[in-house]
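Q: Sharing a structure here in structure tokens format.
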Amino acid sequence: MRTIPREHALDSTLALLADPYRFIGRGCERHRSDLFEARILLRRTLCMSGPVAAALFYDERRFMRQGAAPEPLRATLFGKGGVQGLDGAAHRHRKALFMQVLDAESVAQLANEVAEEWRACAAAWQGWRRVLLYEAAQELLTRAACRWAGVPLAARELPLRTRQLSTLFDAAASWHHLHARAARHAAESWLAGLVERVRAGGLPGAGGRPLEAVALHREADGQLLPPRLAAVELLNLLRPTVAVSVFIVFAAHALHEFPHSLAVLQRGDGDPLQWFVQEVRRFYPFFPAVAARARDEFEWHGYSFRQGQRVLFDLYGTNHDARVWEAPDEFRPERWRDRVPGPYEFVPQGGGDPHQQHRCPGEGVAQALLKVSVDFLARRLGYDVPQQDLRIDFRRLPALPRSHFIMCDVTPLPHPAWPSFAFTPS
């Protein structure tokens, strides 16, 4: 039996918090192994990275999600009872709801809503001294997501709901964690009330929309979800959509910091927009790691896993694994010209099959909304990038440029800068 490498520190929680995106990858490099053991929150935890480890981690015969994520994340980011914490048949049945709601036609509708918001914002931002792109994108996406989902949202409500949805992912793992808990409670109450109105037939505009689909979803036993749990799952549609604001900021950062990527987009050969979007998702830090627990005791590659043992799988490090990616720390959209990565090699939003495993069902949403946003940032908006601190803060969750990306002198371009990209939402 092989001995699992182990960190010497009594507890590595502070080290993980100090460098959440690179802690596991650097530990694996230091130990020259795909896995090592560390104490996290005083609990022995296996940390794993790389595509081989990913294939193991997403094997539902070996691992389960129930009770794996730390309670603070369940109480804020995911919501208690949500699809992320389910396993087996229960998970597949609930996941089918998301795959149905996020089919190609629905994602295209959402992309159209976001494009409409970009057009409105491009006109509204004229004359502003500066635009903080991160915060502006959150508001833009909140409006679009609620309209798409059939969730009524008055103009006076927009700042509150934007703040609530953003806080769920922006403060879940920060010193403002209590604010995230309060936002979760308020948002669930808001949406549970809408679910009850849909079921009572008193909410015009919800028909055929995700709000109605979630409100009327029945579990395998034929029962409707309790209103509060239906609200949790509706937030699992709205929150990740607003979280695309992180990717939008990174896309703007890439356009500014890596001028060669703009040249790739301008050339227009192949599918440069898709290449650019995929490289943004690979290169930049989005979510650092995901958690699971071993179902039973088992052996893998000579290593022994204990029943109930908690495991953290490294998303960011796997997307930067030099065994898989040439020059992984360079931003190269053209690497995607002939690249179709395996389900465990490219994991910005999880690995495996989204229909059967715990890969995020909203991955298509992230790509579609990024394509629309890059189209505006690269072709349809004129703007200046003033001097600011654009260094990526890897200690922040989610990581961002320190300045949140400031734009000034924003002007809509009546004629796009060069011929249209191939992507056109229908």
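The values are calculated or read from the model by the stated rules, or taken from the named source; none is laboratory data. The shown structure was predicted, so the numbers you read here are calculated from the model rather than taken from an experiment. Here Cβ is always computed from backbone atoms with ideal geometry, including for glycine, and neighbour counts include all displayed protein chains. These accessible areas exclude ligands, DNA and RNA; they are computed on the full protein's heavy atoms, side chains included. Shrake-Rupley method; radii C 1.70, N 1.55, O 1.52, S 1.80 Å.
Q: For His256 and Ala90, calculate 0.36 nm times their separation in residues minus their Cα-Cα distance, and state this gained length in nm to one decimal.
A: Values: separation 166, 0.36 × 166 = 59.76 nm, distance 4.46 nm.
Gain on stretching His256 to Ala90: 55.3 nm.
Q: Report the dimensions of segment 222-340 along its three principal axes from the alpha-carbon atoms, largest first, rounded to Å.
A: Largest first, segment 222-340 extends 51, 46, 24 Å along its Cα principal axes.
Q: While we're here: With r defined as the distance between the Cβ atoms of Glu299 and Leu41 and R0 fixed at 25 Å, what FRET efficiency is calculated, to the nearest 0.05?
A: Values: r = 26 Å, r/R0 = 1.05.
According to the calculation, E is roughly 0.40.
Q: Also, I was wondering about something else. Given the Cα-Cα distance of Lys80 and Arg267 and 0.36 nm per residue of separation, how much length would full extension add, in nm?
A: Working: separation 187, 0.36 × 187 = 67.32 nm, distance 4.71 nm.
Going from the current span to full extension adds 62.6 nm.
Q: Next question. Which of the peptides 256-267, 108-119 is most tightly packed, and how do the rest follow, judged by the mean count of other Cβ atoms within 10 Å per residue?
A: Working: 256-267: 15.3, 108-119: 20.3.
Top to bottom by mean Cβ count within 10 Å: 108-119, 256-267.
Q: Limiting things to C-alpha atoms, what are the Rg and the maximum Cα-Cα separation (Dmax) for segment 324-426, in angstroms?
A: Rg, Dmax (Cα atoms, Å): 17.0, 47.
Q: Sticking with this one: Which of rounded, prolate, oblate describes segment 36-107, given a ≥ b ≥ c as roots of the alpha-carbon gyration tensor eigenvalues and a/c under 1.5 marking rounded, otherwise prolate only if a/b is larger than b/c? Present the calculation step by step, with values, prior to reporting the outcome.
A: Values: a/c = 2.21, a/b = 1.56, b/c = 1.42.
Prolate, since a/c reaches 1.5 and a/b exceeds b/c.
Q: How high is the relative contact order of the chain, in percent, counting Cα pairs under 8 Å that sit 6 or more residues apart?
A: Numbers: 722 pairs, mean separation 104.7, N = 426.
About 25 percent, as a whole number.
Q: Additional query: State whether segment 1-87 is rounded, prolate or oblate according to the following rule on the C-alpha gyration tensor (a ≥ b ≥ c being the square roots of its eigenvalues): a/c under 1.5 gives rounded; otherwise a/b larger than b/c gives prolate, and the remaining case gives oblate. Numbers along the way, then the final one.
A: Values: a/c = 2.01, a/b = 1.33, b/c = 1.52.
Cα axes put segment 1-87 in the oblate bin.
Q: Next question. So I have (i) 155, 45, 42; (ii) 67, 55, 39; (iii) 66, 44, 34, and one of them is Cα extents along the principal axes in Å calculated from this model. Which one is it?
A: Entry (ii).
Q: Sorted by average packing, counted as other Cβ atoms within 10 angstrom per residue and highest first, what order do 376-383, 294-301, 234-241, 89-96 take?
A: Working: 376-383: 18.5, 294-301: 13.9, 234-241: 23.8, 89-96: 16.2.
For the peptides 376-383, 294-301, 234-241, 89-96, the packing ranking is 234-241, 376-383, 89-96, 294-301.
Q: Taking the solvent-accessible surface of protein heavy atoms with a 1.4 Å probe, what is the per residue accessible area of segment 294-412 in Å²? Numbers along the way, then the final one.
A: On the way: 4900 Å² over 119 residues.
Using a 1.4 Å probe on heavy atoms only, each residue of segment 294-412 averages 41 Å².
Q: Could you give me the ³J(HN,Hα) list for segment 287-303, computed from phi with Karplus coefficients 6.51, -1.76, 1.60 and θ = phi - 60°, whole Hz, x at Gly and Pro?
A: Computed from phi, the couplings for segment 287-303 are 10, x, 7, 10, 10, 8, 10, 5, 5, 9, 6, 7, 10, 9, 6, x, 9 Hz.
Q: If one computes the Cα centroid of segment 43-61 and of segment 225-293, what distance in Å separates the two points?
A: 23
Q: What is the P(r) of segment 174-276, as percent of Cα-Cα pairs per 10 Å bin from 0?
A: Percent of Cα pairs in each bin: 13, 29, 21, 19, 16, 2.
Q: Follow-up question, since we're still on this one. Let me know the charge dipole size of segment 1-93 about its Cα centre in debye, to the nearest 20, where only the beta-carbon of Lys, Arg (+1) and Asp, Glu (-1) is charged.
A: My answer is approximately 100 debye.
Q: Give me a comma-separated list of calculated 3J(HN,Hα) values for segment 32-44, in order, Karplus coefficients 6.51, -1.76, 1.60 applied at θ = phi - 60°, integers in Hz, x for any Gly or Pro.
A: 6, 8, 6, 8, 7, 10, 9, 8, 10, 6, 6, 10, 4
Q: What percent of all Cα-Cα pairs in segment 156-195 falls into each 10 Å bin, going from 0 up to the bin containing the maximum distance?
A: Taking every Cα pair in segment 156-195, the percentages come to 33, 53, 14, 0.
Q: Something else now. Find how many whole Å separate the alpha carbon centroid of segment 150-169 from the alpha carbon centroid of segment 358-384.
A: 20
Q: Kindly provide the helix-only [θ] at 222 nm of the chain, computed as the sum of -39,500 (n - 2.57) over DSSP H runs of four or more divided by all residues, to the nearest 500 deg cm²/dmol? Write out the running numbers ahead of the final one.
A: Values: 14 runs with 185 residues, N = 426.
Estimated from H runs of four or more residues: -14000 deg cm²/dmol.
Q: Under Stokes-Einstein, with the Kirkwood radius over Cα pairs standing in for Rh, what whole-number D in µm²/s applies to segment 253-403 at 20 °C and 1.002 mPa s?
A: Details: Rh = 17.5 Å.
Reported coefficient: 123 µm²/s.
Q: Residue-wise, which Karplus ³J(HN,Hα) couplings in Hz belong to segment 60-74, taking 6.51 cos²θ - 1.76 cosθ + 1.60, θ = phi - 60°, and x for glycine or proline?
A: 5, 6, 9, 10, 10, 9, 4, x, 7, 5, x, 3, x, 6, 4
Q: Express in % the proportion of alpha carbon pairs of segment 59-164 at distances exceeding 21 Å. Intermediate results must be reported in sequence, preceding the final value.
A: Details: 3057 of 5565 pairs.
Counting every Cα pair in segment 59-164, those more than 21 Å apart make up 55 percent.
Q: Taking 0.36 nm per residue of sequence separation and subtracting the Cα-Cα distance, how much length would be gained by fully extending the chain between Leu390 and His176, in nm to one decimal?
A: On the way: separation 214, 0.36 × 214 = 77.04 nm, distance 2.31 nm.
Taking 0.36 nm per residue and subtracting the Cα distance, the gain is 74.7 nm.
Q: Over the chain, with every protein chain in place, what whole percent of the accessible area is carbon and sulfur at 1.4 Å, could you tell me?
A: Here it works out to 53 percent.
Q: Could I ask something else about it? Rounded, prolate or oblate for segment 112-231? Axes are the square roots of the Cα gyration tensor eigenvalues, ordered a ≥ b ≥ c, and the cut-off for rounded is a/c under 1.5. Could the numbers behind the result be given before it?
A: Values: a/c = 2.63, a/b = 1.47, b/c = 1.79.
Note, shape of segment 112-231 comes out oblate.
Q: Next up: Give me the 1.4 Å probe accessible area per residue for segment 89-247, excluding ligands and nucleic acids, in Å².
A: 43
Q: Enumerate the helices in the chain for which the Kyte-Doolittle hydropathy averages -0.5 or more and the C-alpha atoms extend at least 24 Å along the helix's axis, using complete DSSP H runs. Intermediate results must be reported in sequence, preceding the final value.
A: Values: long enough: 104-124 (30 Å, 0.09); 177-199 (33 Å, -0.27); 227-257 (46 Å, 1.10).
The qualifying helices are 104-124, 177-199, 227-257.
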